[in-house]
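Note sheet for the following structure.
The values are calculated or read from the model by the stated rules, or taken from the named source; none is laboratory data. Keep in mind that this is a model prediction, so the values were computed, not measured. Positions of Cβ are generated from backbone atoms using ideal geometry, with glycine treated the same way; all protein chains shown enter the neighbour counts. Areas reflect the complete protein model, heavy atoms only, side chains present, ligands, DNA and RNA absent. Shrake-Rupley method; radii C 1.70, N 1.55, O 1.52, S 1.80 Å.
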Amino acid sequence: MSAGTLSPAIPAATREVLGACPHDCPDTCSLVTTVENGVAVKVHGNPAHRPTAGVLCAKVSKYTERTYHAERLLQPLRRVGPKGSGRFEPVTWDVALDDIAARLKAIAARDPQAILPYSYCGTMGLVQGEGMAGRFFHKLGASLLDRTICSTAGGVGLLHTLGAKVGMQVQFFTEARLILIWGSNSITSNLHFWRLVQEAKRQGAKLVCIDPRRTETAEKCHEHLQILPGTDAALALALMHELVVNDWLDHDYIAQHTLGWEALRERALRWTPERAAAVCGIPAQQIRDLARDYGTIKPAAIRLNYGMQRVRGGGNAARAVACLPALTGAWRHRAGGVLLSSSGWYPVDRAALQRPDLLAGRTPRTLNMITIGDDLQRPSSPAFGPQVEAVVVYNCNPLAVAPDSAQVAAGFGRPDLFTVVLEQFQTDTVDYADYVLPATTQLEHWDLHTAYGHTDVLLNRPAIAPVGQAKPNSQIFRELAARMGFDDPCFADTDEQMCRQAFGDRLDFGQLLANGYASLPIADAPFAEGRFPTASGRCEFFSAELARRGLDGLPDHVPNHEAVGSSPHYPLAMISPPARNFLNSTFVNLRSLRDIEREPVLEMHPSDAEPRGIADGDVVRVFNDRGEYHCKAEVSPRARPGVVNGLGIWWRKDGLRGTNVNQLTSQRLTDLGGGPVFYDCLVEVQAA
């Protein structure tokens, strides 16, 4: 089946169009959209694409419900009520874009850095994400945004250990004999990986889950180490301790393909299982047993995910875990090693797409998206620069997803802040907009996608015409650019042309047009003989670059900002993993999925609920110094003692009292990468 052609079973009045799932998920599935008379009637997985294997998650299989949703934004809107009220009037595109351009011009004449783009991975597409938008804001000279809200701590950890966000190829997990699923609820957030794990399990592989929550995935594994949040590095160092004292090491691999072993060995020997057990909150014997398995069962593979790096020491934790395969020589096997992200394999020409040369020598400040709540409330100063006067939000819902959301709401609620939001639905952030511009969904535009859970490139072709007056992000920024007087030829590039520019001659675009995907030529066992993409070509246990910056060159356990036991007022640690049927704050408004989740909940262990007089189903007040959040208690062994799980991310407006779990999280940052610390949060819980 080729793009836009019929399979033999499809009636002549119907066509199938190949596309790609746009969402922030490692699977990046190949989609087949069935179109009848210009209407998308079905979306299913592409059976010809090996990673997708014809299967979609419950969320994306309902994608037509999203595209044709009754609450879809289909015309430009202008605010008529107070900020946050969500009251708008319809206007024409010309009225909206003319006024937006005029106001941005006036601000830019004073200082373009007073304009801030705010976006993340509402789409992972290279074109509808930061393609034409990057060109627009670079030409404007706006403030740059450090897009850190998900994965930067772990990514920077890998960079200073393996050299890039690279790892083993996911398909070979089926051949592993031991699989550690570390910080991942794969059943809900990495479905296609879980299918590979099940195949390995049927062939006799042992599965071990490491997670503070008793997830659906943990229930299906042979062992579960239910550690305290933020203690992953301590566990990894104790595993190293046992590998050393029992000589479960590949000395030749260490000698030939690693850097800094003697220093790491010395540090690991300080981390006995007993010491780590006291930090992690698990029995020391569990650590010894896992170390024995990891040292003696081969090949051993680690699937690391991003939950474990959303704490103060997240970067160090990712570094520590990434060191383990080199100690045992697991990289020698194609079914051995570690996979956090495969995104570093892709030779994307981001400069061609985003055109940073349009800055023309200017060096705007960079603001971290984690601190948006504080930054929107900062006055002008020599250190900060100009006060933020305008924000353009696309592919993101910061009112729901950014930490310390009371401050985020206060910032976006500034009467003098000019806010433009490109969106598909009336999210929490839309309620604070001055103008709302209706954006297309994935079925309505061109885009190109990489992945971080496999190594294929996927092309998304529009299956239907834009619904209503919606326009692709790329077209909105083209039209704004024209009104701003930006006449560089790159602003006339079509979306298809930009898809071709993303890889240039490094990828056969004809193959993408024909099949919808193309695979990168990655070796089965990429580090079997070393050749890591580090400066030394080795797995760097010791990072000279980190040491040069005054940081610890070796991985270590870095305690949480808000460690368990550090506050007499807030004795409970809280993590906020995603609800099974949501993806960040996406899909929250789809009734079929929201009805499954029912309502916002906080999972509590019985030993924490009972002393507080809290029964299953009670409304509870979860609070700390940053704010409070009301939801229903779910008394459940999914939570471990001392830790509560606030499942997210619900829109604030759907909360019992107009807030969500991010009312409680902080704007503090990780050790590496300036990432968020969503799972580094102390609270107290009371019956409401």
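In the complete set of protein chains, residue-level accessible area for ASP99 is approximately 50 Å², probe 1.4 angstrom. Report the Cα centroid-to-centroid distance between the range 602-670 and the range 450-496 in angstrom, as an integer. Each part reduced to its Cα centre gives a spacing of 39 Å.
Over the residues of the range 455-533, compute the C-alpha Rg and express it relative to 2.2 N^0.38 Å.
After normalising by residue count via 2.2 N^0.38 Å, the value is 1.54.
In debye to the nearest 20, how big a dipole does the range 481-587 give about its Cα centre with +1 on each Lys and Arg Cβ and -1 on each Asp and Glu Cβ?
It works out to roughly 280 debye.
For the range 254-308, the share of alpha carbon pairs falling in successive 10 Å distance bins from zero is 19, 35, 43, 3 percent. Heavy-atom accessible surface of GLU540, to the nearest 10 Å², is about 20 Å², with a 1.4 Å probe and all protein chains retained. The alpha carbons of the range 30-147 occupy a box of 54, 32, 27 Å along the principal axes, longest dimension given first.
In the range 378-444, the ratio of gyration radius to Kirkwood radius, Rg to Rh, stands at 1.02 when only Cα atoms are counted. Remark: the ASP357-ILE297 segment gains 16.5 nm on full extension, using 0.36 nm per residue and subtracting the alpha carbon distance. With the largest listed first and rounded to whole Å, the semi-axes of the equivalent ellipsoid of the chain from the Cα gyration tensor are 39, 30, 26.
Computed with a 1.4 Å probe over protein heavy atoms only, the accessible area of GLU610 comes to about 130 Å².
Extension gain for the segment ALA102 to ASP505, taken as residue separation times 0.36 nm less the Cα-Cα distance, is 141.1 nm to one decimal.
Evaluated at q = 0.10, 0.21 Å⁻¹, a Debye calculation over the C-alpha positions of the range 219-322 (equal weights, vacuum) places log10 I(q)/I(0) at -0.27, -1.27.
Scattering from the range 154-209 was approximated by placing one identical point on each alpha carbon and applying the Debye formula without solvent; log10 I(q)/I(0) at 0.12, 0.16, 0.30 1/Å stands at -0.32, -0.55, -1.15. If R0 is taken as 25 Å, the Cβ-Cβ distance between LYS201 and GLN285 corresponds to a FRET efficiency of 0.60.
Here r is the Cβ-Cβ distance between PHE384 and ARG78 and R0 is 35 Å; the resulting FRET efficiency, rounded to 0.05, is 0.70.
Inter-label distance, TYR68 to ARG50: 3.6 nm, where each label sits 7 Å from its Cα along the C-beta direction.
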